[in-house]
Amino acid sequence: MVDALVLGADCGGTATRVVLATVDGRIVGRGRACAGNPVAADPAETAAALGEAVRAALHGHDPARVVGAVVGLAGVSRLAEPAVAAGYEAQWSRLGLTCPMSPVGDAVVAFAAGTAAPRGTVLIAGTGAVAAEVHDDTVGRVADGLGWLLGDEGSGFWLGLAAARSTARALYRGPPTSPLTRAVAAEIGASDPDAFVTRIYRRSRERLARLAPLVGAAARDGDPEAVAILDAAAERLAGTLLSLHPVPGPVVLAGGILAGVPEIRDAVQQRLTARLGRPGVPAGDPAAGAAWVAARRFLGYADPALHARLLAEAPGGLPGDDPGAQVAGAAGRPAGDRSTDEWA
C-alpha cells in the first residue's frame, strides 16, 4: 500500500491539529482549527473543528487513500456517547473518508510524540498536569490530572496562581519592586493591592494560567521569588511522575510548560536522572504522534525509523502556537480519561 495515507489528530480545548502522512513518514498535509475536544466545548462545534482541520490537511489529496486515522483527545470516553459520536461520524462522511476513526486518550499521542516504544510513562504539563502509564496505546495508572481545584500541581495554572499570590502579598507590603511583582501587576492592570485582588478573582482559570510565562521571564531576570516558584513547580511535576514508580521504558515529557520553560524542564530532568538513572525524552508534535499510532495500528508499520521521520518533520512547539492554550479540564473524569490542559 505504497500510496496509502494516514491521519493523525490532536484535539484540544483551544486548538485542533491534524497531519496527513505517507507510509514512509512524509507529512504531506497539515490542518489547524479551534477546539476539537467535546469535553471542553459544544460537541457539534468541536466535531466541526476537527472536520475543518482534516479538510485543510486533505487539500489536494484523495480521501480514499486514507486507510486510518487516530484522534487523540482528553475525555475520550465522551465519543462513546451516541449523539457525540454521530456528530464526528457525520464530519467524516462529509469529507469523503471511509477509513476508521480511532479515538485514543491524549496521553497516548503525547507519549507517541516522544518515542516509538510500546510501553513507558508520560508526564504532561500544560495548563494542567498529569502523569500516566502507556502500554500498547492504552492508558494505565494515572497520577494527578485532577483539575485546578484538586491537583494539577506544577502546571501552568499552578504557576499563574503562585505568581498571583506572591504579587498580592508583595503589593500589600508596598509598591511593586521585583521583576515578578511588576510584571504580574502590569499584566493584571493594577498595582493597588485591593484592586489587584479584585481583578484576580474576576479572571478565568485559563487567563490565570497565562501568567505562567511571566514567572519564567522574572526568573531569568534574577528574581529569587520566581526562581523559587519554578523550582517548586519542578519538584511537584517530578513527584507526580515518580509517584507512579515508572515502569521500564522511556519517560516522555510533553506539554507547553515542559517545552517552553527550560528552567522547569531542566530541573525535572535532573530529578528524573537522580531517581531513575535516566532523563526524560522531550515530545514533539502530538498530531504526528497520532499519525505514527495510525500507521502502526492500521498498517502494522512499527519501524522506529518511520517514527523518527514523522517527528522530525513535525517538531513540537510549532511557530504561532499560543503559549497559554487550554485543552480540557480534567476534574471528574474516570482515570483513563484524566489528562492535562495544554500550554503548548
Reported set for segment 15-60 where residues are at pLDDT 95 or above, small (G, A, S) and open to solvent by 40 Å² or more (accessible area, probe 1.4 Å) is A56
Collect the residues in segment 72-113 that are at positive phi and either of a type in the set (V, I, T) or open to solvent by less than 30 Å² (accessible area, probe 1.4 Å) (or both), keeping them in residue-number order. G75
Which one is farthest from P286 (Cα to Cα), of the residues in segment 117-161 that are among the acidic types (D, E) and touching a helix residue (DSSP H, G or I) at 6+ places or on another chain (Cβ under 8 Å)? E153
Find the residue count for segment 229-239, including only residues that are open to solvent by less than 50 Å² (accessible area, probe 1.4 Å) and either in a loop (DSSP other than H, G, I, E, B) or within 18 Å of L253 (Cα to Cα) (or both). 7
Would you tally the residues in segment 21-58 being of a type in the set (A, V, I, L, M, F, W, C) and over 20 Å from the mean Cα position of the chain (by Cα)? 9
From the list A226, A217, A116, A186, exactly one residue is touching a Pro at 6+ places or on another chain (Cβ under 9 Å), in contact (Cβ under 8 Å) with a residue 12 or more places away in the chain, surrounded by fewer than 20 Cβ atoms within 10 Å (Cβ to Cβ) and assigned to a helix (DSSP H, G or I). Which is it? A217
Among the residues of segment 256-283, count how many are small (G, A, S), open to solvent by less than 20 Å² (accessible area, probe 1.4 Å) and under 13 Å from the mean Cα position of the chain (by Cα). 1
Scan of segment 258-282 for residues that are in a helix (DSSP H, G or I), over 19 Å from V142 (Cα atoms) and hydrophobic (A, V, I, L, M, F, W, C), ordered by number: A259, I264, A267, A274
Every residue in segment 134-153 that is part of a loop (DSSP other than H, G, I, E, B) and more than 18 Å from S204 (Cα to Cα), please. D136, D137, G145
Selection from segment 126-157 of residues charged (D, E, K, R), open to solvent by 10 Å² or more (accessible area, probe 1.4 Å) and out of contact with any Lys or Arg (no Cβ under 6 Å at 6 or more places or on another chain) yields D136, D137, R141, D144
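The values are calculated or read from the model by the stated rules, or taken from the named source; none is laboratory data. The shown structure was predicted, so the numbers you read here are calculated from the model rather than taken from an experiment. Neighbour counts are summed over all protein chains in view; Cβ atoms, including those assigned to glycine, are modelled from backbone coordinates with ideal geometry. Side chains included, ligands, DNA and RNA excluded: accessible areas come from the protein's heavy atoms. Shrake-Rupley method; radii C 1.70, N 1.55, O 1.52, S 1.80 Å.
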